[in-house]
1. Out of Gly152, Gly208, Gly123, Gly148, I need the residue that is touching a Ser or Thr at 6+ places or on another chain (Cβ under 9 Å), surrounded by fewer than 18 Cβ atoms within 10 Å (Cβ to Cβ) and under 20 Å from Arg82 (Cα atoms). Which one?
2. Of the residues in the stretch 84-138, how many are of a type in the set (Phe, Trp, Tyr) and within 15 Å of Ser171 (Cβ to Cβ)?
3. Within the stretch 103-160, restricting attention to residues that are touching a residue at least 12 places away in the same chain (Cβ under 8 Å) and of a type in the set (Asp, Glu), which residue is farthest from Ser176 (Cα to Cα)?
4. Counting residues that are among the charged types (D, E, K, R) and farther than 20 Å from Met91 by Cα, which helices (runs of 4 or more DSSP H) fully inside the stretch 107-212 reach at least 1?
5. Go through the stretch 179-205 and give me each residue that's hydrophobic (A, V, I, L, M, F, W, C) and either closer than 19 Å to Met84 by Cα or at pLDDT below 85 (or both).
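The values are calculated or read from the model by the stated rules, or taken from the named source; none is laboratory data. All values derive from a computational prediction rather than experimental measurement. Glycine gets a Cβ as well: all are built from the backbone with ideal geometry, and neighbour counts include every protein chain shown.
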Amino acid sequence: MTEEGLRLGRAESSDAAVEAILRERASLGLKRRTEERQESRELAGIEGNSVAEAPTVSAQEHYSAEPALGDLVEVANDVVFRNMLDHVRSMSDRAFEYLVGTVLKAALRAESVSITQRSRDGGIDGILHFDALGMRLAVFEAKRYAEGNVVGRHLVDAFATAARRRRASHSLFVTSSRFSPEAIAAARDEGIRLIEGVAFVELMAQHGIGLRAKDTFVLYEMDPAWSVSESADED
């Protein structure tokens, strides 16, 4: 029996103890997903703070008191991000290609994007143009894969060949799943930017595509450097 199983067995007479263990499990799952999101952010080269950060306290500390507002927001965003990724994975291949084109156009500030015809794509799903003459362009490949179905090296190698034929300034490979270690190594050798599903959803959020900021909160606290002067009371 696992250590968690032993803990649940010892805590079976206490509903509060069982609830704390289950909450700790949920917190650890959230922490793992946030770490995966950060790894995908680094792979994609996304700069700045993540839209949803991992809790900075342990699970025991987190549930021993009322949860902080930041933790509640982080949990809510995690749910929305996962739901959006599930939705993206349920799209048709063609719809996913158009979505990828829209997101990359916004993220790279391209002037225009075109999706290639399937019968004549030459191993490339879309082209991003950065000038009116079409002299500088980026190409991308989009693979809509289910969770657990990783993109292998052979697909990256094939895309690298197609990108060289186009003489593209930049090349990006986007998937709704993840890339294998071998695919990541091949992409680094070829200078291909890889964007996994969790990082792609974050790009959607950053550019308001399919996701939007719901509310803005302002939190106040006492300023320790401020005090009411005694002379004000005397007046």
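1. The unique qualifying residue is Gly148.
2. Adding up the residues that qualify gives 1.
3. Asp131
4. In the stretch 107-212, 153-166, 181-190 are the helices (runs of 4 or more DSSP H) which contain 1 or more residues that are among the charged types (D, E, K, R) and farther than 20 Å from Met91 by Cα.
5. Ile195, Val198, Ala199, Phe200, Val201, Leu203, Met204, Ala205
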